[in-house]
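Chemist: Encoded as structure tokens, here's the structure I'll be asking about.
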Amino acid sequence: MERRRQTRTLAREPLPDVISGQRRHRPDYQIILFVGLLMLLGLVVMYAIGPERANVLNRLHNTDFYTENYFVVKQFISLLIAGVAFGVMATVPFATLQRYRWRLVQVGFGICALLLLAGNILHINAIAVETLGAYRWFNLGPLGTFQPAEVLKFALLIYVAGFLGKRHQEGKINDLHATIYPVSAIAAAALFVVIVLQKDMGTGIAMASMIASMFVVSTIRWKTLLTIGLVCIGLGILAIVTAPHRMERIATFFSGDTAVMAGADADDNNYHIKNAMIALGTGGVFGRGIGQSIQATGYLPEAINDSIFAIMGEIFGFVGTTIIIALFTGLLLRLLRISDHLKDMSMRIAVAGIFGWLAAHVVMNIASMIGLVPLTGITLPLLSFGGTSMVFMTGALGLAFQLSRYTTHGLVTEGKEIGNANFGSRRRIRGARYPGGRRLTRN
């Protein structure tokens with residue numbers, strides 16, 4: 001009885017504040033700074049262009065449902081929920097997430113399958129929202145919409161990080177049957193659901209970028225990575241050529257700026273990119289100012305979502321967009337530095353995945369608005385209007401914030417610290433929290 005009582009007592013005790021021999025220290029608060037500034041900037045822009053967007057939708061649907069403050073209020077609520085998600089993921093132990101990683105993947109695929117059932121099979125349009133002949137969102141009524149692909153993306157992040165980290169620890173990271181084939185099958189299934197069934201190339205690109213970043217950091221042989229990359233490129237080309245709307249966007253992109261400007265009314269793709277360029281061009285050096293956007297009055301499609309960067313260029317000008325890019329660059333660099341200074345391979349891979357996830361959204365969104373890549377439906381994180389993408393992205397950044405507690409002073413290669421590089425704002429390691437005789441390993 002006494003042994004059982006001691007066992008129950010130990011089970012209730014918190015896990016030691018140490019992972020792989022690395023004690024916790026102060027986290028990287030610069031992540032909160034960058035995230036907060038970007039969110040605040042997005043809220044200001046939503047306040048400025050929200051009334052114009054409401055007028056456009058009211059005229060389009062012949063209604064007065066959308067009030068002047070509709071979008072800024074919805075965005076503010078999304079920011080609050082995203083803040084909660086950040087806090088939760090900053091406190092839930094990474095080991096707990098790993099314990100349920102397979103369950104998370106099952107939930108992600110299950111929700112996507114439920115959407116497919118409601119939309120494509122049962123045709124319940126009151127629940128499943130149809131866009132371009134595909135179903136990507138659940139309709140939650142007054143609460144807005146919910147995108148299950150974001151759940152799958154986050155679940156894949158946790159699962160792949162844990163799976164590759166474990167295989168690395170076992171020395172099987174390059175084993176085809178134990179590692180490469182299983183993880184590639186899970187990733188391929190997720191990409192098939194998003195790109196083929198939901199016809200969402202933007203989310204698929206972000207997911208592929210996330211997985212690619214995790215593969216690179218996991219120390220898989222470059223020859224194997226090259227083979228996987230070539231297969232993915234081939235499948236990506238196949239997904240493009242078999243979808244007419246994607247081929248139209250590719251054709252528009254290769255037609256050049258002159259054709260775009262001359263034939264702006266010929267199709268939606270030309271129209272979209274033309275007005276995005278007009279917005280950025282008319283912003284000049286310092287912008288037209290808050291509340292002075294013309295493109296937000298109905299000229300530029302998706303002004304509060306995918307095209308938010310072009311609107312910000314019109315409002316804040318070249319200087320403002322440079323600051324926005326600098327904020328994203330700073331956040332991405334913090335993620336890279338955290339990943340470089342983590343000994344635990346699962347943690348290292350997870351932060352690399354978050355970097356790939358965020359980088360894909362930022363690069364693809366901005367590049368498409370300035371005409372460097374074909375238009376792709378992908379949001380600009382923390383700035384675009386919407387809830388699901390923001391909540392899960394912020395939750396992932398909260399996880400990176402948590403893992404920043406376990407960095408080392410020196411760079412880490414193959415799980416070993418190889419130097420005592422100065423980690424910028426690297427936090428001081430606090431004094432020991434446990435008596436010297438207490439074991440520092442988990443059972």
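Chemist: When the residues of segment 275-294 are narrowed to those that are surrounded by 18 or more Cβ atoms within 10 Å (Cβ to Cβ) and without any contact (Cβ under 8 Å) to a residue 60 or more places away in the chain, which ends up farthest from the chain's Cα centre (by Cα)?
Modeler: The selected residue is 288.
Chemist: Here's a check for you: in segment 295-342, which residue that is hydroxyl-bearing (Ser, Thr, Tyr) and part of a loop (DSSP other than H, G, I, E, B) is surrounded by the most Cβ atoms within 10 Å (Cβ to Cβ)?
Modeler: 307
Chemist: A further question follows. Among the residues of segment 237-250, which ones are farther than 12 Å from residue 375 by Cα and at pLDDT 80 or above?
Modeler: Scanning segment 237-250 gives 237, 238, 239, 240, 241, 242.
Yes/no per residue for (1) modelled with pLDDT under 80; (2) on the phi < 0 side of the Ramachandran plot; (3) aliphatic (A, V, I, L, M); (4) not in a loop (DSSP other than H, G, I, E, B):
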{"residue": "252", "(1), (2), (3), (4)": "yes, yes, no, yes"}
{"residue": "260", "(1), (2), (3), (4)": "yes, yes, yes, yes"}
{"residue": "266", "(1), (2), (3), (4)": "yes, yes, yes, no"}
{"residue": "269", "(1), (2), (3), (4)": "yes, yes, no, yes"}
{"residue": "278", "(1), (2), (3), (4)": "no, yes, yes, yes"}
{"residue": "285", "(1), (2), (3), (4)": "no, yes, yes, no"}
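Chemist: List pairs: first residue in segment 319-346 and closer than 30 Å to residue 283 by Cβ, second residue loosely packed, with under 14 Cβ neighbours inside 10 Å and not hydroxyl-bearing (Ser, Thr, Tyr) anywhere in the structure, Cβ distance under 7 angstrom, at least six positions apart or on different chains.
Modeler: Matching pairs, first to second residue: 319/285; 319/286.
Chemist: Now a separate question. Could you check how many residues of segment 208-229 are surrounded by fewer than 11 Cβ atoms within 10 Å (Cβ to Cβ) and either farther than 25 Å from residue 336 by Cα or of a type outside the set (A, V, I, L, M) (or both)?
Modeler: 2
Chemist: A further question follows. Would you be able to say whether some residue in segment 390-398 is modelled with pLDDT under 85 and of a type in the set (S, T, N, Q)?
Modeler: So far as segment 390-398 goes, no, none of its residues is modelled with pLDDT under 85 and of a type in the set (S, T, N, Q).
Chemist: With the requirement that a residue be of a type in the set (Gly, Ala, Ser), outside any loop (DSSP other than H, G, I, E, B) and either modelled with pLDDT under 90 or surrounded by 16 or more Cβ atoms within 10 Å (Cβ to Cβ) (or both), what does segment 19-47 give you?
Modeler: 42
Chemist: Could you say which residue among 110, 50 is more than 18 Å from the chain's Cα centre (by Cα), in a helix (DSSP H, G or I) and surrounded by 18 or more Cβ atoms within 10 Å (Cβ to Cβ)?
Modeler: Selected residue: 50, the only one of 110, 50 that is more than 18 Å from the chain's Cα centre (by Cα), in a helix (DSSP H, G or I) and surrounded by 18 or more Cβ atoms within 10 Å (Cβ to Cβ).
The values are calculated or read from the model by the stated rules, or taken from the named source; none is laboratory data. Keep in mind the model is a prediction, meaning the values are calculated, not measured. As a convention, Cβ positions derive from the backbone with ideal geometry for all residues, glycine included, and neighbour counts pool all protein chains shown.
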